[in-house]
Amino acid sequence: MSPELHERAVEIFETTIGVEYSDQAERTPEWGDAVAKAEETTPATTVTITFASNIPSPLLDRVTAFAADLRRIPTIDAVDVVTIRTCRSCGCTDDQACFGGCWWISDDEGLCSACAPAVPGEQR
Ligand SMILES: [Zn+2]
Ligand SMILES: [Zn+2]
């Protein structure tokens, strides 16, 4: 049980039974009810993982695995994995373009116009 859930259960136990919480309280059937109620009333938790699209694929695998692990936690209702399109050379994004402005040289490539000529293998 998470500390938050325990705290809620204690609160519910004390308000519904009118008895102060103690270690013995956890052995009573009322405690079980309080825990069940605490679980029911715990607000939905959504986790958002944001990562740059230029991260190396082993790292991306770990992000994906981490997201899958989080989804298995009962108190987490949703895990959003969000990719921020990032230039693989300079790290600029849609929100933070290069000085003077830049654009994506193609739709599927994470490379901006400011870096395009400087990347090896792409000289013109
Ligand atoms: Zn760039
Ligand atoms: Zn750029």
query = Across the stretch 37-51, in residue order, what do the Karplus-derived ³J(HN,Hα) couplings come to in whole Hz, using 6.51 cos²θ - 1.76 cosθ + 1.60 with θ = phi - 60° and x for Gly and Pro?
reply = 5, 4, 5, 5, 9, 5, x, 4, 10, 10, 10, 10, 10, 10, 9
inquiry  = I need the shape label for the stretch 49-97. Rule: rounded when a/c is under 1.5, else prolate if a/b > b/c, else oblate, with a, b, c from the alpha carbon gyration tensor.
reply    = oblate
ask   = Mind checking the angle between helix 57-71 and the chain's longest principal axis? C-alpha axes, 0 to 90 degrees, to the nearest 10.
value = 20 degrees
note = Computed on Cα atoms, the radius of gyration and Dmax of the stretch 23-106 in angstrom are 21.2, 68
request  = Report the FRET efficiency, 1/(1 + (r/R0)^6), for Q96 and E14, where r is their Cβ-Cβ distance and R0 is 35 Å, rounded to 0.05.
outcome  = 0.10
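Helix-derived [θ] at 222 nm for the chain: sum -39500 (n - 2.57) over DSSP H runs of at least 4, divide by residue count, nearest 500? Can you show the working numbers first?
Details: 3 runs with 43 residues, N = 124.
For the chain, the value works out to -11000 deg cm²/dmol.
Laboratory data are not the source of any read-out in this text; all were calculated from the coordinates shown. Everything numeric here is computed off the predicted structure, so don't read it as measured data. A quick note on method: Cβ atoms are made from the backbone with ideal geometry, for glycine too, and the neighbour counts reach across all protein chains shown.
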